[in-house]
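Each reported figure results from applying straightforward, stated rules to the coordinates on display, with no laboratory input. All values derive from a computational prediction rather than experimental measurement. Positions of Cβ are backbone-derived with ideal geometry, glycine not excepted, and every protein chain shown enters the neighbour counts.
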Amino acid sequence: MLGYKISYNGVTLNDPSDFENREGISIERVSGMSSPEVKHREIDLIGQHGIVDFYSFVGKRIITLSGKAVGCDEDTCLDYLKTITDAFTLPSIPTTTNDGYKWLTFEKTGQTTLKIKAKINRLPRIEKDLKVSRMRNY
């Protein structure tokens, strides 16, 4: 996702200005933007061939962001991880003003910004390579 700044819940990921010191939160892959589930409303005809077909709708999309959090040391890396986990959480008690949906935006200079109203499907999964203390995969 080179060149795209991705923002969610007030946190910007993949910001090129963060990488000047060879640290930051980068996105390596975004999956799930295409081929959403299609939901059909239909009723089987009892004792006959066929169905009565009503409306069809596009269902939800599971968008997965994969990347790395890299710091100049392990403490900086853990600060980046806290930023990620704080951004990708659900409210403990949903309300009418905070139901868990936030804007997920994809920005690239010279192109139209893509905005998606999104809610997390699961909490971030963090993986650590035991050889490298200042980097985590998510």
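Counting 0.36 nm for each residue step from residue 22 to residue 78 and taking away their Cα separation leaves a gain of 18.6 nm.
The residue 132 and residue 42 beta-carbon pair, evaluated with R₀ = 35 Å, returns a calculated FRET efficiency of approximately 0.10. Put in line by how crowded their Cβ is, counting other Cβ atoms within 10 Å and starting with the fewest, 8, 101 read 101, 8.
Against the chain, whose longest principal axis comes from its Cα atoms, helix 74-87 is set at around 30 degrees. In the chain, a dipole from Cβ-located charges (positive for Lys and Arg, negative for Asp and Glu) runs towards its positive end, and of 70, 113, 58 it is 58 whose Cα lies farthest in that direction. Which one, 11, 137, 38, projects farthest toward the positive side of the charge dipole computed for the chain from Cβ point charges (K/R +1, D/E -1)? Comparing the listed Cα positions along the dipole, 38 ranks first. Each Cα pair under 8 Å and six or more residues apart adds its sequence gap; the mean of these over the residue count of the chain is a relative contact order of 26 percent.
For a distance above 15 Å, tell me the whole-number percent of Cα pairs in region 65-124 that qualify. Of the Cα pairs, 64 percent sit more than 15 Å apart. Pairwise inverse Cα distances across region 5-137, averaged and inverted, put the Kirkwood hydrodynamic radius at 17.6 Å. Take the cross-link list 60/102; 5/119; 5/131 and give me the ones stretching past 25 Å between alpha-carbons. Pairs exceeding 25 Å: 5/131.
May I ask you to list the residues of region 46-74 whose amide nitrogen lies under 13 Å from a point 7 Å from Cα along the Cα→beta-carbon direction of residue 31? Only 62-67 pass the distance filter. When Rg and the Kirkwood Rh are both derived from Cα coordinates, the Rg/Rh ratio for region 43-93 amounts to 1.46.
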